[in-house]
1. Given the range 69-144, what helices (runs of 4 or more DSSP H) lie entirely inside it while holding 3 or more residues that are more than 22 Å from the chain's Cα centre (by Cα)?
2. Filter the range 169-188 for residues that are in contact with a strand residue (DSSP E or B) (Cβ under 7 Å, 6 or more places away or on another chain) and surrounded by 22 or more Cβ atoms within 10 Å (Cβ to Cβ) and give the result.
3. With respect to F262, is the statement that it is buried (at least 24 other Cβ atoms within 10 Å of the Cβ) and farther than 17 Å from V190 by Cβ true?
4. Find the residue count for the range 273-309, including only residues that are more than 16 Å from the chain's Cα centre (by Cα) and of a type in the set (S, T, N, Q).
5. If V217 satisfies all but one of (1) free of Cβ contacts under 8 Å to residues at least 60 places away in the same chain; (2) under 24 Å from I35 (Cα atoms); (3) of a type in the set (V, I, T), what's the number of the condition it fails?
6. Please go through the range 153-169 and give me each residue that is β-branched (V, I, T) and either more than 15 Å from V101 (Cα to Cα) or out of contact with any Gly (no Cβ under 8 Å at 6 or more places or on another chain) (or both), ordered by number.
7. Identify, please: which residue in the range 94-119 is modelled with pLDDT under 95 and in contact with a helix residue (DSSP H, G or I) (Cβ under 7 Å, 6 or more places away or on another chain) and is, among those, surrounded by the fewest Cβ atoms within 10 Å (Cβ to Cβ)?
8. Can you tell me which of (1) assigned by TED's automatic domain parsing to the domain that holds D17; (2) under 27 Å from L239 (Cβ atoms) is the one L123 doesn't meet?
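The values are calculated or read from the model by the stated rules, or taken from the named source; none is laboratory data. Being a predicted model, the structure only gives us computed values, none of them experimental. Ideal geometry is used to build each Cβ from the backbone, glycine not excepted, and the neighbour counts take in all protein chains shown.
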Amino acid sequence: MTGLKAHTTRTMVNLKDIKRAQERLRGVAARTPLIPYFPPTQNPGTGPELDRGQLWLKPESFQPIGSFKLRGAYNKIASLSHDERRRGVISYSSGNHAQGVAYAAHALGVKAVIVMPSNAPRLKVECTAALGAEIVTVGPASTERLRKAEELARQYGYVIVPPYNDEQIIAGQGTVGLEILEDCPGVELVLAPTGGGGLISGISAAIKLSGSRAKVVGVEPELANDAQRSFRQGEIIELSAERVSSTLADGLRTQSIGPINFEHIRRYVDDIINVSEDEIRAAMRAMVKNARIVPEPSGAVTLAGWLFHAKELPEAKKTVAVVSGGNVDPVLLAQVLSEG
């Protein structure tokens, strides 16, 4: 584990950037709804859960590619010049961002190359290939993916579309925050999955820059808790590939958050909490059975945080938990559901 000092001269995304992204995404990304979540053993509005107020789930699993990643990827590629699009784009991802880039590139008529890890879920690899992207496979470390993408970009002139450390990516993900404020103006707490930091950067910026007093809290696996450590220590902490690869939440297996994301997190995020592997599995079961929403493990971390870590969260009568994606392997899903 190493500590990396963050730069303080990064460009910060503003509200105008996020609203411009919202216009670009109109008719491309789904405007996902807020789904009320009720525990199964109680009638809505009664019992001890009343003290915690209402929880809504925002299922980004309803997007055409099954995750929020479409928002940032499309906004980034749509913002490129004609010459940049002609050269093609390259990205590096364990799955969801890969699909987002492939989908956006196909829609905009741009060649896409994706560097993916050898341990990426087979479902995500197949879906990325089906969208027309060329796939290059490397080892499991996120640093390997980045190095290979940079090497190919230099060799062939591709434009890199980062998974999270980019202002246009952050602005695209920030549209999730705008929708939450539009659909739940009095929201007091927003829970966002945290991996590389693109989603929580965008959501927190959108909410705080819009003047809302809502608290924004990130949720990540204990086994990949680089964001929490970075947030609390004031510098970027990098974890080993072996450690982060051991979490079930494959979409949150980043070894460190991006420098640009870190600046947004430090300015706009209120806290980051961790959840265990067993809690993630339990939250997946609860979401399927009680909300009829199928999440991937990364998408279930926010409900896990709400269910099992109430004492670590700010008090709130209106809470929104973002379900970042639903691209779960059917075999894994069956296994997790059978455990209940």
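1. It comes to 82-87.
2. V176, I180, V187, listed by residue number.
3. Taking the combined requirement at face value, the residue satisfies it.
4. Qualifying residue count for the region: 2.
5. Against the list (1) free of Cβ contacts under 8 Å to residues at least 60 places away in the same chain; (2) under 24 Å from I35 (Cα atoms); (3) of a type in the set (V, I, T), V217 comes up short only on (1).
6. Across the range 153-169, the qualifying residues are I160, V161.
7. P117
8. That leaves (1) as the condition not met.
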